[in-house]
Amino acid sequence: MLLLRHDATETPIDINQGRIPFEFLAVKRAKMKRRGGVNVPIPTPEDLIVMKAIAHRPKDLEDIRGIVGSQPRLDVEYIRKYVEKFGEALDMPELWKNVAALLKRPPSTRKGKAGWTEKK
C-alpha cells in the first residue's frame, strides 16, 4: 500500500499495488468513478471492509461501522471468506470474530430495507 496525500485538499490517497490475489480481485470488482477529472477505481463496500479489517486500526474499525450503517446490503459471506483467510495468514485468528461483531446491525424498521445478504 502506498499512502499519499493530495497537498491542495489534504485528501489522503491510498494506492494498492495489487500484488496478492485478493488485491487483483478487488481491482477487478471495483467501480470506476470520475473524481477531479480522473477515472478512479473505487472498491466495493465488501472489499473496503476486508481491507480495513486487515489494517485493524481504531479508525479502520470505526470506518467499518460507518460502511455497515450506510450500505443496506452486504455480502457477509464474501467478507467472511477473505477476513478469515487474512486472519490465518496474519496469525490473527480473532480477526473474523472482531469484524463479525461490527457487521451486526439492529433489525430495520423501514419497509423495503432488506438488510445484508448472506450467500451460501
Answer from E94, E46 - the residue that is within 13 Å of the chain's Cα centre (by Cα), farther than 19 Å from L3 by Cβ and of a type in the set (D, E)
E46
Return the residue satisfying two criteria in turn: it lies in the range 37-53 and is surrounded by fewer than 19 Cβ atoms within 10 Å (Cβ to Cβ) and among the β-branched types (V, I, T), and of such residues it is farthest from M92 (Cα to Cα).
V38
Find all pairs meeting these conditions: Cβ atoms under 8 angstrom apart; at least six residues apart or on different chains; first residue within the range 22-43 and under 22 Å from Y78 (Cβ atoms) and touching a residue at least 24 places away in the same chain (Cβ under 8 Å); second residue outside any strand (DSSP E or B) and polar (S, T, N, Q).
A26/N16; A26/T44
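Of all residues in the range 6-36, count the ones that are surrounded by fewer than 13 Cβ atoms within 10 Å (Cβ to Cβ), outside any strand (DSSP E or B) and of a type in the set (D, E).
Number satisfying all stated conditions: 2.
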Scan the range 37-56 residue by residue and report those that are touching a strand residue (DSSP E or B) at 6+ places or on another chain (Cβ under 9 Å) and in a strand (DSSP E or B).
N39, V40, P41, I42
I'd like to verify a number: residues in the range 29-50 that are farther than 15 Å from R80 by Cα, in contact with a Lys or Arg (Cβ under 9 Å, 6 or more places away or on another chain) and of a type outside the set (S, T, N, Q), how many?
4
Residues (of a type in the set (K, R), in a helix (DSSP H, G or I) and within 18 Å of P45 (Cβ to Cβ)) located in the range 66-96:
R80, K81
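Every number in this text was worked out from the coordinates using simple rules, so none of it is lab data. Treat the numbers as computed from the prediction; the structure is a model and nothing was measured. A quick note on method: Cβ atoms are made from the backbone with ideal geometry, for glycine too, and the neighbour counts reach across all protein chains shown.
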